Amino acid sequence: MTLHPLACLSSVLALSLCLSACGHEKEWTRKSEASIDLYEKGLYAQALAPAEESLNLALKQFGEKDVLTVYSIDNLGKIYLRMGRLQDAQPLLERTVRINREILEPDNPKQAYYLGNLAELRMQQERYDEAEDLYGDALKLYRMAYGEFNNRSAGIQARMAVLYKNWGLHEQAERLLRRVAAILDRIDVPDDAVAADVESAWCSVLLESGRTGQAREHCERAFGVREKFLPAGHTDLAEAMGGLGLLYVRRGRLDEAERLLSRAAAVYKDNPGADHHGHLAALMALAELEACRGRTTEAADLFNKALARHENSYSAIKAMVRVARFHQRAGSLDLAEDLYRNAMMKYDDSPKADSADRDKIFAGLVAVSLARKDYATAERLLDRALPDEEDVSGGDHGALSEAVYDMSRSCLARGRLGRARELAGRLKWMVYADALPEDPLRRANLDALAELYTAVGDKEAARELRRRAWRSRRASTAF
């Protein structure tokens, strides 16, 4: 969540009719700057008093519809938002938008800043549709005034990508992140805070989809920038620590992961309600850490606690799949199946849900059936899950690729050589339909395919696949 009070204060002062010559305005500026200084240090409780004083002074001396008053209202609203006092923030941030619509022309881009701050509140309230509309309105204003290739337009789109990520719509988030990255590449001096938002969102999206290798640089960059510029107790830094901590969990660096995740958990404990989404992500990461350490009971408790707090269906689907995988690996197949099936029901009722979520659910159900040696059910589920071969425009079928591989190996073990060969051919099609040559998923699938073709006796095909995997690794070093 990126809010830039100092930049806005400068623009507000530039609009004022009487600058330092006015005694009241000098006093207002002094109190506002004191509040902002504390805000940017993460000392939100201490920032409250000077923010309230500057607002009272502005209302008394300048009136409600003066730009200085509007700024003071917004500043106090943002402090409440950072403190997690959403009910206190709401009337203030709504008020700034209403006043700006009354005193500014409809196409004045200064409205966009306040629209974006109200959108941040709506996101924390999990009123995602409203937040999306507010960000859209802000982006239109910035585009009309400044065009596409500037930090303002990039910043709003980065915040929209964070919205989609928190909403659980990672495919939409990923498309927007690619667009923002292209914009930032064309800006002479890109905003560090915007870049950090982009890196943090990429970290989450890539980790969720299992692309750990690609996530590493984004997680490390997000943490590096935020650690450099933000105070130790800032929730944005905690979010970055949570992302990097989860990366370390999945790469087996458990001691480093525990240090980062413990620090993140301490920040969220000190700021209850300030960043609901970041707190949940850290809780899920801690659960994975406990599972990796073999502390199954503790992991289950943390997973259940996090799962109970996922209220919107899109993010709940992803959480249920993660928890189902945990139970599946722990051998609790009935619990895993129930979670996968409940996730599928939510998916069917959620029109915007990521297509990859469906793949993961089916792949999980196939894996559960194979573990039970219920091969007929596994076959039926896999046939339902697989995309049409004509559909080469689909998303990343990483989870399904794993399910196809597992089924093929199962067929080999049961002497069904023809079916194993058929599934190997299907996996080969999926590899080339989904991924770019440098994609790690493609390389992993090429290796798996080579193994399958060796097992079914097609050594020439296996050699060709190993050559392709080698070329894919060579290609990855060029990127």
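Derivation of every value follows stated rules applied to the coordinates shown; laboratory data play no part. Please read these numbers as outputs of a predicted model, since none were measured by experiment. Heads up, the Cβs are rebuilt from the backbone with ideal geometry, glycines too, and the neighbour counts pull from every protein chain shown.
General remarks:
- Under DSSP loop assignment and at most 10 Cβ neighbours within 10 Å, longest GluC sites (Glu not before Pro)-free interval of the chain: 1-310
- Paramagnetic label reach from residue 64 (point 7 Å along Cα→Cβ; backbone nitrogen cut-off under 20 Å): within the stretch 118-142, residues 118.
- Rg and Dmax of the chain, based on Cα coordinates, read 25.5, 90 Å.
- Theoretical ellipticity at 222 nm over the chain - DSSP helices of four or more residues, -39500 (n - 2.57) apiece, nearest 500: -26000 deg cm²/dmol
- Positive-end residue of 470, 277, 306, charge dipole of the chain with Cβ unit charges: 470
- Neighbour-limited loop hits for trypsin sites (Lys or Arg not before Pro), the stretch 180-280 (at most 15 other Cβ within 10 Å; DSSP other than H, G, I, E, B): 186, 251, 253
- Alpha-carbon Debye profile of the stretch 191-264, log10 I(q)/I(0) at 0.12, 0.14, 0.23 Å⁻¹: -0.26, -0.36, -0.95
- Derived scalar couplings between HN and Hα for the stretch 309-320 equal 9, 8, 9, 8, 5, 5, 6, 5, 4, 5, 5, 5 Hz in order, rounded to whole Hz, by the Karplus curve 6.51 cos²θ - 1.76 cosθ + 1.60 (θ = phi - 60°), x for Gly and Pro.
- Angle in degrees between helix 254-270 and the longest Cα principal axis of the chain, rounded to the nearest 10: 40 degrees
- Separation of the residue 332 and residue 179 label points, Cα + 7 Å toward Cβ, nm: 4.1 nm
- Taking the longest Cα principal axis of the chain as reference, the axis of helix 355-371 is set at about 40 degrees.
- Spin-label pair residue 212/residue 129, simplified geometry with 7 Å Cα→Cβ offset, distance in nm: 3.9 nm
- Dipole moment magnitude, nearest 20 debye, the stretch 191-264 about Cα centre, only Lys, Arg, Asp, Glu C-beta charged: 300 debye
- Sum of side-chain charges, residue 270 neighbourhood, beta-carbon under 13 Å (Lys, Arg +1; Asp, Glu -1): +2
- Here's the picture: charge each Lys and Arg Cβ at +1 and each Asp and Glu Cβ at -1 in the chain, and of 454, 42, 214 the one pushed furthest to the positive end of that dipole is 454.
- Computing FRET efficiency as 1/(1 + (r/R0)^6) for residue 229 and residue 352, where r is the C-beta to C-beta distance and R0 is 45 Å, gives about 0.85.
- Projecting the Cα atoms of 264, 224, 252 onto the charge dipole of the stretch 191-264, computed from C-beta unit charges around the Cα centre, puts 252 farthest toward the positive end.
- The chain: angle of helix 375-385 to the longest principal axis, Cα-based, in degrees nearest 10: 50 degrees
- For the stretch 249-289, a crude dipole built from +1 on the beta carbon of Lys and Arg and -1 on the beta carbon of Asp and Glu, taken about the Cα centre, is about 120 debye to the nearest 20.
- For residue 460 and residue 88, the difference between the fully extended length at 0.36 nm per residue and the C-alpha to C-alpha distance is 127.0 nm.
- Given +1 at the Cβ of Lys and Arg, -1 at the Cβ of Asp and Glu and no other charges, the dipole of the chain around its Cα centre is 1500 debye to the nearest 20.
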